[in-house]
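The structure appears below as structure tokens.
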Amino acid sequence: MNFHMDGSRPIPTIQQANDKELGVDMDDKIQGFSLLSNDSHKHWMEQAFREAEKAFAAKEVPVGAVVVLNNQIIGRGYNQRETLKDPTAHAEILAITAAANHIEDWRLKDATLYVTLEPCPMCAGAILNARIQRVVFGADDLEHGGCGGSVQLCSGKFLNHKVEIIGGILERKCQGILTSFFAESRQIKK
């Protein structure tokens, strides 16, 4: 993911280029998996976890996300709120923006978002606005989750778009990196 300045706001983009130039490796494309199989969910969640590791290394809350369309990653993101000094720079927002730039359309209607932590209400709103079909997350967020943990914003009788929600994929692993991060943060503050 490259960043460029559009006015004063950094905007994540994926270069429009061939797979090699995009940095697509074999893990970015997977043949023979159904989007609905547990094995494919685990595979794509591993890719989101790689993004969370980047956030951890940058001393950001370790949440990572990937957007998958037609068994290919079209957008990636990890939390960068501190780095970018942007309260909206959540992993999901950055991955959704990158995906929309990649396909040159804001409608991601057949895409699946994989994210290591249940999306917050802000990200749930972006998911609805992007018309994402499915959200698969790792760890629940019972305090701030917008996809059923604290509040359910991705479905309801008054919404014109419903999102399928699948939680608990690689939950222990996704929760573990968050637990480690916050334990380290507490040790540094002492």
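The values are calculated or read from the model by the stated rules, or taken from the named source; none is laboratory data. What you are looking at is a predicted structure, and each value in this text was computed from that prediction instead of being measured. Every residue, glycine among them, receives a Cβ derived from its backbone with ideal geometry; neighbour counts consider all protein chains shown. The accessibility values were calculated without ligands, DNA or RNA, using every heavy atom of the protein model including side chains. Shrake-Rupley method; radii C 1.70, N 1.55, O 1.52, S 1.80 Å.
Data table
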item: The stretch 85-109 residues that are in a helix (DSSP H, G or I), paired with ones that are open to solvent by 50 Å² or more (accessible area, probe 1.4 Å) and of a type in the set (Phe, Trp, Tyr) (beta carbon under 8 Å, 6 or more apart); result: Ala91/Tyr78; Leu94/Tyr78; Ala100/Trp106
item: Where Gly125 falls short, out of the listed (1) of a type outside the set (S, T, N, Q); (2) open to solvent by less than 20 Å² (accessible area, probe 1.4 Å); (3) farther than 25 Å from Ala58 by Cα; (4) in a helix (DSSP H, G or I); result: (2)
item: Residues (buried (at least 18 other Cβ atoms within 10 Å of the Cβ) and assigned to a loop (DSSP other than H, G, I, E, B)) located in the stretch 134-190; result: Asp140, Asp141, Gly145, Gly146, Gly148, Gly149, Leu153, Cys154, Val163, Ile169, Leu170
